[in-house]
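Asks: Okay, handing you the structure first.
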Amino acid sequence: MGDAVPVGVAWQKSAACNGYEDCVEVARLANGNVGVRNSRLPDGPMVQFTSAELAAFLDGVGKGEFDWMTS
């Protein structure tokens, strides 16, 4: 299970969500990590990643390594 969602952080979702609630949101946490949560569950759990972990994932996304997940 993920960590409890902290209060008072600025969550951001992609502009591609276009108002849909089925999105992933990210926030910079006080400990320097990045929190990720489901926008439909704002009080639900989140997971934390270090900046290096998130950078590695985003690099893979940019290279199309996870494109199979949306088709």
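The values are calculated or read from the model by the stated rules, or taken from the named source; none is laboratory data. Owing to the predicted nature of the structure, the values given are computational and were not obtained by experimental measurement. Cβ sites come from the backbone with ideal geometry, for glycine too, and all protein chains shown count toward neighbours. Accessible surface areas use protein heavy atoms only, side chains included; no ligands, DNA or RNA. Shrake-Rupley method; radii C 1.70, N 1.55, O 1.52, S 1.80 Å.
Asks: May I ask you to compute the full-extension gain from Q48 to N31, defined as 0.36 nm times their residue separation minus their alpha-carbon distance, rounded to one decimal in nm? Mind dumping the intermediate values first?
Replies: Working: separation 17, 0.36 × 17 = 6.12 nm, distance 1.00 nm.
Net length gain for the segment: 5.1 nm.
Asks: Rounded to the nearest 500, what is the chain's calculated 222 nm mean residue ellipticity when only DSSP H runs of at least 4 contribute -39500 (n - 2.57) each, over all residues?
Replies: So the calculated ellipticity at 222 nm is -5000 deg cm²/dmol.
Asks: Within the chain, what whole-number % of the accessible surface is contributed by carbon and sulfur, with the 1.4 Å probe and all protein chains included in the calculation?
Replies: Carbon-and-sulfur percentage of accessible area, whole number: 57.
Asks: Excluding V36 itself, calculate the net charge of residues whose Cβ lies under 14 Å from the Cβ of V36, where each Lys or Arg counts +1 and each Asp or Glu counts -1. Show your work: numbers first, answer last.
Replies: On the way: positive: K13, R28, R37, R40; negative: D3, E25, E53.
The answer is +1.
Asks: Cα-based Rg of the chain per 2.2 N^0.38 Å, rounded to two decimals?
Replies: Taking the Cα Rg and dividing by 2.2 N^0.38 Å, one obtains 1.15.
Asks: Leaving ligands, DNA and RNA out of it, rank D43, D22, D59 by accessible area with a 1.4 Å probe, largest first.
Replies: D43, D22, D59
Asks: Within the set of other residues whose C-beta is less than 11 Å from the C-beta of V5, count the net charge using Lys and Arg as +1 and Asp and Glu as -1.
Replies: Working: positive: R37; negative: D3, E25, D43.
Taking every Cβ under 11 Å from that of V5, the sum is -2.
Asks: Rolling a 1.4 angstrom probe over the protein heavy atoms, how many square angstrom per residue are accessible across the chain?
Replies: On a per-residue basis, the chain sits at 74 Å².
Asks: Let me ask you something else. Could I have the simple spin-label model distance between D67 and V24, label points 7 Å from Cα toward Cβ, reported in nm to one decimal?
Replies: 1.7 nm
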